[in-house]
Protein chains: 8
Amino acid sequence: MELTIYLAGQIHDNWREDVKRKAKERDLPLNFVGPMENHDRSDDIGEEILGEQPNSIAKDDTASDFNNLRTHVLLGKSDIVIALFGEKYKQWNSAMDASTAIAMNKPLIIIRPQILHHPLKELSNKANVTVENVDQALRAIQYIYDSE
Amino acid sequence: MELTIYLAGQIHDNWREDVKRKAKERDLPLNFVGPMENHDRSDDIGEEILGEQPNSIAKDDTASDFNNLRTHVLLGKSDIVIALFGEKYKQWNSAMDASTAIAMNKPLIIIRPQILHHPLKELSNKANVTVENVDQALRAIQYIYDSE
Amino acid sequence: MELTIYLAGQIHDNWREDVKRKAKERDLPLNFVGPMENHDRSDDIGEEILGEQPNSIAKDDTASDFNNLRTHVLLGKSDIVIALFGEKYKQWNSAMDASTAIAMNKPLIIIRPQILHHPLKELSNKANVTVENVDQALRAIQYIYDSE
Amino acid sequence: MELTIYLAGQIHDNWREDVKRKAKERDLPLNFVGPMENHDRSDDIGEEILGEQPNSIAKDDTASDFNNLRTHVLLGKSDIVIALFGEKYKQWNSAMDASTAIAMNKPLIIIRPQILHHPLKELSNKANVTVENVDQALRAIQYIYDSE
Amino acid sequence: MELTIYLAGQIHDNWREDVKRKAKERDLPLNFVGPMENHDRSDDIGEEILGEQPNSIAKDDTASDFNNLRTHVLLGKSDIVIALFGEKYKQWNSAMDASTAIAMNKPLIIIRPQILHHPLKELSNKANVTVENVDQALRAIQYIYDSE
Amino acid sequence: MELTIYLAGQIHDNWREDVKRKAKERDLPLNFVGPMENHDRSDDIGEEILGEQPNSIAKDDTASDFNNLRTHVLLGKSDIVIALFGEKYKQWNSAMDASTAIAMNKPLIIIRPQILHHPLKELSNKANVTVENVDQALRAIQYIYDSE
Amino acid sequence: MELTIYLAGQIHDNWREDVKRKAKERDLPLNFVGPMENHDRSDDIGEEILGEQPNSIAKDDTASDFNNLRTHVLLGKSDIVIALFGEKYKQWNSAMDASTAIAMNKPLIIIRPQILHHPLKELSNKANVTVENVDQALRAIQYIYDSE
Amino acid sequence: MELTIYLAGQIHDNWREDVKRKAKERDLPLNFVGPMENHDRSDDIGEEILGEQPNSIAKDDTASDFNNLRTHVLLGKSDIVIALFGEKYKQWNSAMDASTAIAMNKPLIIIRPQILHHPLKELSNKANVTVENVDQALRAIQYIYDSE
């Protein structure tokens, strides 16, 4: 049984590559989808498609149209959502994607360093599981496939 | 990941062929579905199947039965809806299909010339993205597949 | 695009064979599912699996358990429901399956002789289309596939 | 706690008056709604509002529009549906309303003479309870209010 | 039983006053809601609240935010939607509101002059009833309350 | 038509192997999924992934996170749920999975010894069918595939 | 803001009176509903309404019809569900009602003695909160009303 | 028409009092609900009800149970959600509540200083309206009530 996993969260380091590599090492039959990981392109996609915008607010508005279209399609296709929270940045998109997964009744795994326990406590409470690193998240998924 | 795209909108020119050709040029793994594009057949389908009707109203009633059956099935099977609005015609079917997509939580791309911005503003506001031509719509879909 | 069609309605003649043969003649990519067509077995299935029942009411109760399980699974898997009403019998199962299809937002085609128009008028009004014979029903489905 | 009860079923005798009178005798806080009980008006309502129609089929079509509008509003407002089946008539509307109630997750009580057990067995199987007369239906509702 | 009616459609004449007056004459217990009927204010509401916008597109964008918020709240509260289509204007908002009502399973009455039958045929087909004037729409609602 | 069956219930004996073997003997095209059957691992999975917990309550809390994640994914993928109740143990997980299946409109087969009829009567009443052994459950599924 | 609370769980002692009395002491604006608390009547309600049944299984079957009708109506009307588990009895009805509440997205409070932690761990994990006594459950509800 | 407004967002200053006062000045018929605004009590509520916990993580876990119960009930009762984002703190709860509102199809107004435009762009894009201060949010709600 193949599962599609949406990898929500920050796009400032290469944690998604780590997930994919470790899933491969475990021979897990997973497909991964997620947001545009090229941060500049994600910010510029509105102007890339629609042309120059009058100001930075309009630029952001149009970029969010295309980013949300992508998330709408790919999150909708996924069986499980993994949302990673790091110590930097606001990461409201991560919280938005995680909450959308919960509201759509999609299983949700949160990865966060223990230090973020307090500000994430209500969101963690609604997730299926909260772990501290990529290995633990993959062991949680491995457990779904294990027969003993 | 193959996606099925419903092409809503006017059936008076061959814009759908343009979409399909350009999708092929981009090697996008898309299946396209949509309404009957033969306008006369679309108007006559009720009488074609059920026989002559007493007046033009009954003829239209029966035609709409079969056209709505087709849309019901194919829109239900689609992952994304593209709705194109042109400058002519009432195009209430296009607005109906676009609104149905929104209400069914299906991602929606509107294509319209900029001149139609004002009458379409509330519908555009509810769509994921609004663009001005077929190329931009396909670039929006290409962006869903791009990894960087 | 393959479609699965649930064939609701009386199990007293072989109209389903007629549908399947004519679909094949048209090369339509359809899978057909439906209720148990062996009437005796449909009536006896409760006792067949659970053993003799104390009276005819209990026998009917257990039979309906298994018949409804079958319908629950197969109607749930279908893309379109065709419900045929004939001139004989109560056919409340047909009305139940047709109404369930409507409530589940599944496209519904009703086949009935014109003489039944009056008692079926409210149900017909909620169906996508109402036709008078198997040929017309298949032409309605053919129309979904036609490109011109 | 007031409950609204939709009384689906035949409109050929005055069983609804019986229900209302007996509910009053029990001091049950119930509001009753249901279809138009004047059979002629129910058949003629299309022409009453839209004017003469070309033939009996068109007359029936328009009547069903208004009857279904009424049912749509009132069934939607109800907390429980009681559907009575008698020995005469096709009663496909009753089966339609009962099935719609089930599909909308509304509690359903079926009243039918025991002789109809066989043709109604699958529908009875999906209802909450099936009883044989109005008294039993009201005792079922009384039981919801009883504290001991 | 009070019902709330959303009056969708053009805001260029005073048809809503006509509806309200005639409902009062019939002593129907109806509450009416709908879009902002002051057309200029509807177009300017974005700038009224958020201040001057850089261009007419941004002005329209912000106006649609507030108009859609209003519709979202009030359509959500309504029991029945009446959508009136006139011979002028694009009226895509009316088609959007009517389609949203259908998708939300809210009963829908369309009012349109007979001349618009052809372009509205698919939308009419999905509405509960289609009538030609305000009187007929109110008679349809009256019929819901009539007991004989 | 392949169907996926979730096997809910106690993990204290090997009844699931019995189901799988008998399904194979009947050549039924079924995929089986279910909870972790290694009881110790099911109890320890929280500490296995997250490390030692401060007390037995915390250990149980974390274990249930991972067990519920597994059930969430696999029950969501299933077409039919079989829930087996035995004479020992509380089996609240079985009741939880069975009730979740009902609430998600998934077909449900309960297997229980006749002696448990009384305490299971309300849950049985909401299941599609209740049988007494694995053979009967598979005959119920066989019946879905039989054409006569 | 009045809230309606469904009190699921065993009907063998008077814990519901305890809840009601303590809610009154706190002046909480709560309405309480729940199952028939007279155990004998709950077991006999089928025969009370439908007359003597052929055997104990049929007696139980008919009783569960009426008990489930009651729960269907009253659980559907509730804003919060409290499910109490004691140390005796199977209490599968309690698990069924609690799971139904979760699946219907109704807030759920579980009351159970700490000793039941292990067998209830997966159900507790899906509840909003799990407490050990009636006082704590009411303090949880009090907290919803508190402004500081 | 009274509306209930859930005030999501930080509980570190008294912006909710500002909303309530200004709503009163405008004579808007609004009821306000929201999270516990006493920050210490919100952090301590788990231990307040369940007693001392072994460590700060367990303390947070239990607190989030009760905070989420409160939000579950009150957000579920609301007609509109206002979510305020300030420049300090992680505010993942605000993002969670805002996203839940969107997923539940509840109208959403975001208040944020313009400086937060970039990190909030995707969430703003899914909200109905985004404004910069309390006054503008109330003018948006006032507009729902205005008849001209």
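Run the dipole for chain B about the Cα centre, Lys and Arg Cβ at +1, Asp and Glu Cβ at -1, nothing else charged, and hand back the magnitude in debye, nearest 20.
Charge dipole, chain B, about its Cα centre: 480 debye, nearest 20.
I'd like the distance between the alpha-carbon centres of segment A:72-100 and segment H:96-132, rounded to an integer number of Å.
For segment A:72-100 versus segment H:96-132, the Cα centre distance is 15 Å.
What nm value, rounded to one decimal, do you get for the distance between C:D146 and B:E25 when each label is placed 7 Å out toward the C-beta?
According to this spin-label approximation, the distance is 3.2 nm.
At a 1.4 Å probe, what is the % contribution of carbon and sulfur to the accessible area of segment G:3-145?
Solvent-exposed carbon and sulfur of segment G:3-145 make up 43 percent of the total.
Just to confirm the number: angle between the C-alpha axis of helix H:134-145 and the first principal axis of chain H, 0 to 90 degrees, nearest 10?
Between helix and principal axis, roughly 60 degrees.
Note down the magnitude of the dipole of the protein assembly as shown about its Cα centre, charges +1 on Lys and Arg C-beta and -1 on Asp and Glu C-beta and zero elsewhere, to the nearest 20 debye.
Dipole magnitude for the protein assembly as shown comes out near 0 debye.
Taking a ≥ b ≥ c as the square roots of the eigenvalues of the Cα gyration tensor of segment H:3-145, is the shape rounded (a/c under 1.5), prolate (a/b larger than b/c) or oblate?
The shape class here is prolate.
Say R0 is 35 Å: what FRET efficiency, to the nearest 0.05, do F:E87 and F:E47 get from their beta-carbon distance?
Efficiency, rounded to the nearest 0.05: 0.70.
Go through F:P119, F:L138, F:A63 and say which Cα lies farthest out towards the positive end of the charge dipole of segment F:57-148; charges sit on Cβ, +1 for Lys and Arg, -1 for Asp and Glu.
The listed residue farthest towards the positive side: F:A63.
Go through D:K121/F:K121; C:K106/E:K126; A:K121/H:K59; F:K88/G:K88 and tell me which ones have a Cα-Cα distance over 18 Å in this structure.
D:K121/F:K121
Taking the 0 to 90 degree range and rounding to the nearest ten, how far is the long axis of helix A:92-103 tilted relative to the main principal axis of chain A, both from C-alpha atoms?
50
So what is the relative contact order of chain E, in percent, for Cα pairs below 8 Å that sit 6 or more residues apart?
Averaging sequence separation for qualifying contacts and normalising by length gives 25 percent for chain E.
Any chance you could give the angle, 0 to 90 degrees and rounded to 10, that helix D:56-77 forms with the longest Cα principal axis of chain D?
On a 0 to 90 degree scale, this one is about 30.
Report the closest approach of any chain E C-beta to the axis of the E-to-A rotation: residue and distance, in whole angstrom.
E:P54, 2
Work out the length of the dipole vector of segment E:104-148 about its Cα centre, built from +1 on the beta-carbon of each Lys and Arg and -1 on the beta-carbon of each Asp and Glu, and round it to the nearest 20 debye.
260
Give, to the nearest whole percent, the P(r) tail of the protein assembly as shown beyond 45 angstrom, counting all Cα pairs.
Value for the protein assembly as shown: 37 percent of Cα pairs lie more than 45 Å apart.
For segment E:22-62 and segment F:1-66, write down the distance between their C-alpha centroids in whole Å.
For segment E:22-62 versus segment F:1-66, the Cα centre distance is 57 Å.
Total accessible area buried between chains H and E, 1.4 Å probe, in Å² to the nearest 100?
Chains H and E together bury approximately 1900 Å².
Rounded, prolate or oblate: which one fits segment H:10-85, using the alpha carbon gyration tensor with axes a ≥ b ≥ c (rounded when a/c is under 1.5, else prolate when a/b beats b/c, else oblate)?
Because a/c hits 1.5 or more and a/b exceeds b/c, segment H:10-85 counts as prolate.
Roughly how many Å² is the accessible area per residue of chain C, as a whole number, for a 1.4 Å probe?
Here the per-residue accessible area is 38 Å².
Set the Förster distance to 41 Å, then compute FRET efficiency between C:K77 and E:D135 from the Cβ-Cβ distance, nearest 0.05.
The computed FRET efficiency comes out at 0.30.
What spacing in nm lies between the two simple spin-label points modelled at F:N55 and G:N14, each 7 Å away from Cα in the Cβ direction?
With each label placed 7 Å out from Cα toward Cβ, I get 3.3 nm.
The values are calculated or read from the model by the stated rules, or taken from the named source; none is laboratory data. Note that the structure is a prediction, hence the values are computed from the model and not measured. A quick note on method: Cβ atoms are made from the backbone with ideal geometry, for glycine too, and the neighbour counts reach across all protein chains shown. Surface areas here come from the heavy atoms of the whole protein model, side chains and all, with no ligands, DNA or RNA. Shrake-Rupley method; radii C 1.70, N 1.55, O 1.52, S 1.80 Å.
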